[in-house]
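All remarks here apply to the structure that follows.
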Amino acid sequence: MSVLKRLFGWKSNWNIESHQVDKRSVPTHVAVVMDGNGRWAQSHGLPRVAGHHAGMKTVREIAITASNLGIKVLTLYAFSTENWKRPKDEVEFLMKLPQEFFPKMIDELIENNVQIRMMGIRDNLPKHTLESIDQAIERTKNNTGLILNFALNYGARKEITDGILDLIADVQAGKVEIAQINEDVIGNYLLTRDLPDPDLFIRTSGEIRLSNFMLWQCAYSELWFTDVCWPDFDSNQFIEAINKYQNRNRRFGGI
């Protein structure tokens, strides 16, 4: 896709029917680290924020593709608890993206029965960011198709730490017995308590690490990495990842 089309275009013309995907065995939950926006922009002689803007188009394309494939949950790592270290102007741009993204996309999401969710620390986020997200959540709350879950101001270690503290408080209050604590109980104190664990973890741009993303939940996820930067990642690469997933033998420690 050309740089101008990625930056300013919105509609795509992909056709998932042309790909061999067994919809009976697609992953229930796909988690994605959307990496490489800044590098994509710099490689095209553009400011880093242009890459984040271009990446919005990819979010739209992958969300609709996932919905069409019958995937139940798509969690996108939009902003980590460590991303506050980035330049102030870049952070401010990222925090304004929901105001642009959701008004353009919300009608199509509703048409495709997609439900918007967010997981992360709300306290640090700007009011205008939360307002845009909350409006999208409210408008799609009754949809029963794909859950499009944005991990925003999210960090797995923070999530696990907060969950443990809440569990300790409930133990001290007599709501939970120590003898009752197991993996399921701990999972109920995490932000994904009502979601299945990811079956497939995807990371773009060539980096091969988890970067503090869903560390507990991805214990048995299938991992798939690509050198393609997020703005150039499209339905073809997404379906390639699904195909690779479908060809793997998930044993969960067995034989």
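The values are calculated or read from the model by the stated rules, or taken from the named source; none is laboratory data. Because the structure is a prediction, the values reported are computed rather than measured. All Cβ positions, glycine included, derive from the backbone under ideal geometry; neighbour counts span all protein chains shown. The accessibility values were calculated without ligands, DNA or RNA, using every heavy atom of the protein model including side chains. Shrake-Rupley method; radii C 1.70, N 1.55, O 1.52, S 1.80 Å.
Points worth noting:
- With DNA, RNA and ligands ignored, accessible area of residue 168 (1.4 Å probe; Å², nearest 10): 80 Å²
- Listed residues 48, 86, 39, most fluctuating in the chain (Gaussian network, C-alpha, under 10 Å): 86
- Computed from label points 7 Å out along Cα-Cβ, the spacing between residue 24 and residue 168 is 4.9 nm.
- The GNM of the chain, with springs linking C-alpha atoms under 10 angstrom apart, assigns the highest mean-square fluctuation among 118, 34, 95 to 95.
- Percent accessible area from carbon and sulfur atoms, the chain, protein chains only, probe 1.4 Å: 49 percent
- Bridging of residue 85 to lysines at a Cα separation below 26 Å is possible for 57, 96, 127, 158, once same-chain residues fewer than 8 apart are set aside.
- A straight chain from residue 96 to residue 135 at 0.36 nm per residue would run longer than the Cα-Cα distance by 12.6 nm.
- What you get for the chain, charging only the Cβ of Lys and Arg (+1) and of Asp and Glu (-1), is a dipole of about 460 debye around the Cα centre.
- Gyration tensor over alpha-carbon atoms, the range 188-248, equivalent ellipsoid semi-axes in Å: 22, 14, 10
- A 1.4 Å probe run over the range 134-216, with the rest of the protein chains in place, finds 55 Å² accessible per residue.
- Summary value for the chain: 27 percent relative contact order, contacts being C-alpha pairs under 8 angstrom separated by 6+ residues.
- GNM flexibility winner over the chain from 230, 40, 84 (Cα, springs under 10 Å): 84
- The chain, helix-only ellipticity at 222 nm - DSSP H runs n ≥ 4, -39,500 (n - 2.57), divided by all residues, nearest 500: -13500 deg cm²/dmol
- Of the residues 114, 179, 101, the one whose Cα sits farthest toward the positive end of the charge dipole of the range 87-212, with +1 on the Cβ of Lys and Arg and -1 on the Cβ of Asp and Glu, is 101.
- Accessible area of residue 184 in the full protein assembly, 1.4 Å probe (Å², nearest 10): 120 Å²
- For the chain, the antiparallel share of DSSP beta bridges with both residues in that region comes to about 0%.
- Mean Kyte hydropathy of -1.0 or more with a Cα span along the axis of at least 27 Å, helices from DSSP in the chain: 48-69, 88-111
- Taking label positions 7 Å along the Cα-Cβ direction at both residue 46 and residue 121, the computed distance is 3.1 nm, reported to one decimal.
- Relative to the compact-globule estimate of 2.2 N^0.38 Å, the Cα radius of gyration of the range 45-119 comes out at 1.20.
- Scattering profile of the range 49-203 at q = 0.17 Å⁻¹ [log10 I(q)/I(0), Debye over alpha-carbon scatterers]: -1.07
- Over the range 115-253, relative contact order from alpha-carbon pairs under 8 Å, at least 6 apart, %: 21 percent
- The alpha-carbon positions of the range 144-198 define a convex hull whose volume is 105 Å³ per residue.
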